[in-house]
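To start, the structure under review is shown below, and the notes come after it.
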Amino acid sequence: MIKNYLQAIAVFSCTFALLTCSTSNAKPNSRIKTQTEAGFNLEEMAAQRILKTNNFSSEMRTDYYADIYDGQQFLLIPNPDMYKFRLKSEVAKATLQANTKISIDVMSCPEGWSFKVKKKSVGELTLNTMQRKKFEDSVVGLLDLFNTTDSKKVAVEIEIFHKWLLDLKVPLLEKLTAVPKNTSWYFTASHLTKKIKWTLTKDLGFKDIEISITEADDFIGTSFVQRKYEIEFQHDSSMSNEDFGHSICAFMTSQGLRHEELKPEREKIQELTLQRLLKFNAALGL
């Protein structure tokens with residue numbers, strides 16, 4: 001059993017409070033950056049229509065998610081404070097990300113669409129080939145193990161993954177490990193998502209924003225769960241939230257998006273993983 005692994009985490013020179021910290025203060029393969037984004041779930045037909053009428057470029061990647069488990073729930077992704085921990089695995093590189101909230105503003109369009117503009121701080125660590133393989137194999141292996149009854153093996157593998165992950169020294173990771181209120185918890189796998197992401201940069205009368213359409217397949221280990229589509233908007237720090245919101249509304253209107261094409265129902269994949277994980281609480285000492 002793991003008791004309060006906060007003591008095992010090194011203190012980083014770039015903390016959440018020091019958002020002005022430059023990447024030159026971090027290790028060469030790590031950095032802290034600020035992102036502002038907003039987005040919607042989409043129906044497939046709406047996503048395909050937007051792709052056909054715009055000049056997007058595409059890339060493929062797989063996101064491997066880890067979350068903090070306290071014996072009852074995952075504490076990061078469902079958290080309204082917008083915490084997230086994942087490995088973004090692309091062809092050329094693999095990047096661990098610790099996401100923490102700065103602010104959330106609710107905005108709306110004249111057509112009635114409402115959305116949240118989320119500003120966050122992102123700590124990133126680039127992994128080498130061996131570290132990438134370790135993280136990927138651990139997430140898939142753990143998720144498949146949760147579908148077995150081998151409590152001893154699950155407990156051992158979760159503890160190994162937890163200790164190894166905390167030793168990676170990802171910037172802002174200490175903000176995530178401060179989330180649990182109990183002293184007993186583990187970092188463990190929650191799910192993975194295989195993505196095709198189409199992206200373009202467009203000026204809608206204010207400044208350039210990045211617009212992306214994502215086709216994503218959710219997996220629990222090697223088991224496919226669902227396919228989903230999303231549209232996401234991002235901008236750099238030089239644009240005001242008001243102008244960002246106007247740009248989003250302008251693009252949505254130009255694409256003829258309808259209310260019924262937004263926010264379709266989908267499985268809450270972390271809940272599916274929890275259903276498998278809860279039976280191992282005794283072995284984990286939770």
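For this structure, a couple of remarks:
- Relative contact order, percent, the chain [alpha-carbon distance under 8 Å, six or more residues apart]: 27 percent
- Protein accessible area in the range 134-197, 1.4 Å probe - carbon and sulfur %: 51 percent
- Spherically averaged projected area of the chain from its Cα convex hull (nm²): 14.9 nm²
- For the range 159-222, the list of trypsin sites (Lys or Arg not before Pro) that fall in a loop by DSSP and count at most 10 other C-beta atoms within 10 angstrom reads 181.
- In the range 104-142, the GluC sites (Glu not before Pro) that fall in loop regions by DSSP, at most 13 other Cβ within 10 Å: 111
- For the chain, the longest principal axis of the C-alpha atoms and the axis of helix 129-145 are separated by about 80°.
- Cα pair distances exceeding 17 angstrom across the range 28-162, given as percent: 72 percent
- DSSP-assigned coil residues among GluC sites (Glu not before Pro) in the range 251-286, each with at most 13 further Cβ atoms within 10 Å: 265, 267
- For the pair residue 147 and residue 279, label points projected 7 Å from Cα toward Cβ lie 1.3 nm apart.
- Note on the range 98-203: Rg/Rh from C-alpha atoms, Kirkwood Rh, equals 1.06.
- Virtual spin-label span in nm between residue 131 and residue 44, 7 Å along Cα→Cβ: 3.8 nm
- Adding -39500 (n - 2.57) for every DSSP H run of four residues or longer, then dividing by how many residues the chain holds, sets the calculated 222 nm ellipticity at -7500 deg cm²/dmol.
The values are calculated or read from the model by the stated rules, or taken from the named source; none is laboratory data. Computed from a predicted structure; not experimentally measured. Please note: Cβ atoms are built from the backbone with ideal geometry, for glycine as well, and neighbour counts cover all protein chains shown. These accessible areas exclude ligands, DNA and RNA; they are computed on the full protein's heavy atoms, side chains included. Shrake-Rupley method; radii C 1.70, N 1.55, O 1.52, S 1.80 Å.
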